[in-house]
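First the structure, in the form of structure tokens, and then the observations on it.
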Amino acid sequence: MKKKSSVIILILCVLCVTCTAFIFVACKNTEQFEFVLNDDKSSYTIEKVKDQHQNDSKFIIHSSYMCKPVTAIGETAFFQCRNM
């Protein structure tokens, strides 16, 4: 019984470390966007690029944010992004 509990605790620790690393990487890539939780409370819309005067010519939009899907891009999300 003790061995089984130790294995379960080890698996949970590995999952926590993996999830933490994934969230860190995902957040780093989403810092440039402003996300708004949709009315359904189960998905997000990208409303705008935070620094619209940046010189990026391309953006990576991930399929999820905060463990919920990104389902829409607002009409003016990239309004001032001239190098796209």
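The residue list 7, 36 contains one member that is in a helix (DSSP H, G or I) and either loosely packed, with under 13 Cβ neighbours inside 10 Å or modelled with pLDDT of 85 or more (or both), which is 7. Just one of the listed residues (60, 46) is modelled with pLDDT of 70 or more, touching a helix residue (DSSP H, G or I) at 6+ places or on another chain (Cβ under 7 Å) and not in a helix (DSSP H, G or I), namely 60.
The values are calculated or read from the model by the stated rules, or taken from the named source; none is laboratory data. Computed from a predicted model, the values in this text were never measured in an experiment. Virtual Cβ from ideal backbone geometry, glycine too; neighbours counted across all protein chains shown.
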